[in-house]
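The block underneath contains the structure these notes are about, expressed in structure tokens.
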Amino acid sequence: MKIYSIKPQFQKFLNPVKNAFIKLKISPTTINVLALVISIIGGLIIYYSSFNLKLLWAIPFIAFIRTALNALDGMVARETRAKNQKFGEVLNEFIDRLSDTVLFLGVAFASYVNTVLGLSALVCILLVSYIGIVGKAAGGTRQYVGLMGKADRMFWLSVGCVAVILFSNTEIINWMLWFILFFSLVTIFMRFFAIKRELYKKR
């Protein structure tokens, strides 16, 4: 099951947090920056896990917090009808890409990871997000189809990190990266053809 399909239930679960953020007047931009900080911490944890694999226990929590913050920024923006919402959307996408980059750079440069594989997976991850955005820029909608969206990446990264600890096998992270890379490529093609169908219908 694609993780994005449970987004409505996840947002409902986050409603109390959203209300608290609004009450505290925490802006969507602040939430985006918090997500970036969390991602930097996650990248550093994975990089330094070379010295102590037990650090990887923190990654599922990091991934959950980042995913929650990414959902909350949009929820708060819609609820408060934030000013400069269009620019806020640009800022959101830009900080999201920074967050992906710093997190997966930490993975790619961990001593037990194949660096070329890690960087290749990162390129594909960024292309997944790019192709999702470019459809909207061309006059369509933001595309979320595919098997390796943001929440999916966070889920599988968490699974890979926990599996490394449970099985005492760091090679699992490389297998996880191959998995993410392959399904990112599949997602790129799925989004490409979804955009093509949508835009041709509008002609």
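Where a number appears in this text, it was derived from the coordinates with a stated rule and is not lab data. All values reported here derive from a predicted model rather than from experimental measurement. Here the Cβ positions follow ideal geometry from the backbone for every residue, glycine too, while neighbour counts run over all protein chains shown.
Would you mind working out the magnitude of the charge dipole of the range 54-127 relative to its Cα centre, with +1 at each Lys and Arg C-beta and -1 at each Asp and Glu C-beta, to the nearest 20 Debye?
Around 120 debye, computed over the range 54-127.
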Farthest positive-ward along the range 3-201 dipole, Cα basis, beta-carbon charges - from SER129, VAL162, MET75: MET75
Using a basic spin-label model with each label point 7 Å from the Cα along Cα→Cβ, how many nm lie between VAL134 and LEU91? 2.7 nm
Rounded to the nearest 20 debye, dipole of the chain from Cβ charges on Lys, Arg, Asp, Glu: 1020 debye
May I ask you to list the lysines whose Cα is less than 21 Å away from that of LYS25, ignoring any residue fewer than eight positions away on the same chain? LYS12, LYS83, LYS86
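Which helices, taking whole DSSP H runs in the chain, have alpha carbons extending 18 angstrom or more along the helix axis plus mean Kyte-Doolittle at least 0.0? Kindly include the intermediate steps, with their values, before the conclusion.
Values: long enough: 7-23 (23 Å, -0.59); 28-48 (30 Å, 1.80); 59-80 (31 Å, 0.78); 85-108 (34 Å, 0.45); 115-137 (33 Å, 2.03); 150-167 (26 Å, 1.35); 171-201 (46 Å, 1.05).
Flagged H segments are 28-48, 59-80, 85-108, 115-137, 150-167, 171-201.
Need one word for the range 108-192: rounded, prolate or oblate. Basis is the Cα gyration tensor (sqrt eigenvalues a ≥ b ≥ c); a/c below 1.5 gives rounded, then a/b vs b/c decides.
Since a/c reaches 1.5 and a/b is larger than b/c, the shape of the range 108-192 is classed as prolate.
Listed highest first by mean packing, meaning other Cβ atoms within 10 Å per residue, what order do 189-200, 41-52, 61-72 come in?
Details: 189-200: 14.8, 41-52: 18.1, 61-72: 20.2.
Averaged packing, sorted descending, gives the order 61-72, 41-52, 189-200.
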With bins 5 Å wide starting at 0, give me the P(r) of the chain over every alpha carbon pair, in whole percents. 1, 8, 15, 18, 19, 16, 12, 7, 3, 1, 0, 0
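Per DSSP helix of 4 or more residues, -39500 (n - 2.57); summed, then divided by the residues of the chain. What does that give at 222 nm, rounded to the nearest 500?
On the way: 7 runs with 156 residues, N = 203.
Rounded to the nearest 500, it is -27000 deg cm²/dmol.
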For the pair TYR144 and GLN11, how long in nm is the line joining their label points, each one 7 Å along Cα→Cβ? 0.7 nm
Once both label points are put 7 Å beyond Cα along the C-beta direction, the VAL37-SER168 separation in nm becomes 3.8 nm
In debye, nearest 20, what is the charge dipole magnitude of the range 104-203 about its Cα centre with +1 on Lys and Arg Cβ and -1 on Asp and Glu Cβ, if you could check? 780 debye
